[in-house]
Structure formats: C-alpha cells, structure tokens
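Take a look at the structure below.
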Amino acid sequence: MAKTIHKPETHLIPIVLQHLLGQRDKISVFGTDYDTPDGTCIRDYIHVTDLAKAHILALEALLTGKKKTAIYNLGNGLGYSVKEVIETCEKVTGRKATIEYTDRRPGDPARLVASSQKIYEELGWKAEYSLEDIIASVWKWHSRNVEY
C-alpha cells in the first residue's frame, strides 16, 4: 500500500504524535497571543473517513443526476486550538509533550475553519468523528509505522 509522507512534516497532529513517539525533541507553538480563547490558532480537522464519505456522497449525487456539479467545504465547523490538539494528543497517548512557545509565523490567521452547511443541506453530510477519534486513529497508524 502506498503511503503519503510529508518531508518535512507540516501538519500539527502528526508532528505532535512524532514527538510523543520520541522522533522530535519538542513541539513548537507559534504564537500564544491570538484573539482566541487560549491564545493559539484555531484550525478545522476532520477524520479521513468523514472525508471519504463526503466524496462518496458527492460522486453518487453526480452519477444519479441529483447534481451536475458542486463545490463543497468540509470541516466540523468549529475548529480546535493548537493547545487543544496537543492536550488531546497527550490524553489519547498517555504521554506528556515538551512544548516550546515561540513568536507567531507571518500570515497565520487566528481562525481557519470551514463551513459544511452547503453539503449538509444538499447531501446530508456532516462530520461524525471527534478530535479524540481523529487522534486515536492517527496514533494507531503512527505507533505501528514509527519510521514515518
């Protein structure tokens, strides 16, 4: 089976899990002074299974003629902060992270969250998996594939 590997890895959840597996010395958090409840950036996350289900629904709508074309945003609509993601990773793995707080990166918005209202209204799709579900799934993969 082909595996997608990001080198260097830039996605928060894999970075945190790599750290908790001992593959990184620490986690860098870029900015703690954003206009968010805990001061860290908020981003939207969905489980790969939710992503696949949305694609299947869209394809079925095209194949049956219900839709001729459509563009959808996918997300949970709420987002999670960097601190929430790290804390959830710690909870799922039972391991404690070493965090380095640094300056903001230029251009990072405080919030970046998708609205899935359109695909919900047209096809009935909504994200089903929680952040804890997402991280547990990714942790299962990373802990079995430690070379990635």
*For the range 1-108, what relative contact order do you get, as a whole percent, if you take Cα pairs closer than 8 Å and at least 6 residues apart?*
40
_Amide H within-cut-off set for Ile99, under 5 Å, with H built and near neighbours excluded_ = Ile27
*asked:* I want to verify a result. In a Gaussian network model of the chain, Cα cutoff 10 Å, which of these has the top mean-square fluctuation: Thr40, Thr88, Thr102?
replied: Thr102
_Exceeding the 18 Å Cα-Cα cut-off - candidates Lys7/Lys91; Lys66/Lys118; Lys53/Lys91; Lys91/Lys140_ = Lys7/Lys91; Lys53/Lys91
*All aspartates and glutamates inside 12 Å of Lys126 as judged from Cα atoms, apart from same-chain residues fewer than 8 positions distant*: Asp50
*How would Leu57, Leu63, Leu131 rank on accessible area, largest to smallest, probe 1.4 Å?*
Leu63, Leu57, Leu131
*If you rank Trp141, Trp125 by how much accessible surface each has, with a 1.4 Å probe, what is the order from largest down?*
Trp141, Trp125
_Which order do the peptides 74-80, 19-25 come out in when sorted by mean C-beta neighbours inside 10 angstrom, highest first?_
74-80, 19-25
*On a 0 to 90° scale, report how tilted helix 48-64 is relative to the longest principal axis of the chain, with both axes built from alpha carbons and the result rounded to the nearest 10.*
20
*Might you report the magnitude of the Cβ-based charge dipole of the chain about its Cα centre, with Lys and Arg at +1 and Asp and Glu at -1, to the nearest 20 debye?*
480
*MRE, 222 nm, helices only [DSSP H, n ≥ 4, -39500 (n - 2.57), over the chain, to nearest 500]*: -12500 deg cm²/dmol
*asked:* Report the Rg/Rh value for the range 44-94, based on alpha-carbon coordinates and the Kirkwood definition of Rh.
replied: 1.19
*Got a sec? Charge dipole of the range 47-112, +1 on Cβ for Lys and Arg, -1 for Asp and Glu; which of Thr102, Leu57, Ile86 is way out at the positive end?*
Leu57
*Name the residues whose placed amide hydrogens come within less than 5 Å of the amide hydrogen of Ile42, ignoring near sequence neighbours (fewer than 5 apart) on the same chain.*
Arg111, Leu112
_Helix 131-144 against the longest principal axis of the chain: what's the angle in degrees, Cα atoms only, rounded to the nearest 10?_
70
*Calculate, in whole percent, how much of the Cα-Cα pair population of the range 1-71 lies beyond 16 Å.*
70
*Each residue of the range 113-130 in order: what ³J(HN,Hα) in whole Hz does its phi give by Karplus 6.51 cos²θ - 1.76 cosθ + 1.60, θ = phi - 60°, with x for Gly and Pro?*
9, 8, 9, 9, 4, 4, 5, 5, 5, 8, 10, x, 7, 8, 5, 10, 8, 7
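The values are calculated or read from the model by the stated rules, or taken from the named source; none is laboratory data. Note that the coordinates shown come from a computational prediction; the quantities given were computed from them, not determined experimentally. Neighbour counts are summed over all protein chains in view; Cβ atoms, including those assigned to glycine, are modelled from backbone coordinates with ideal geometry. Just the protein is used for accessible areas: all its heavy atoms, side chains included, with ligands, DNA and RNA removed. Shrake-Rupley method; radii C 1.70, N 1.55, O 1.52, S 1.80 Å.
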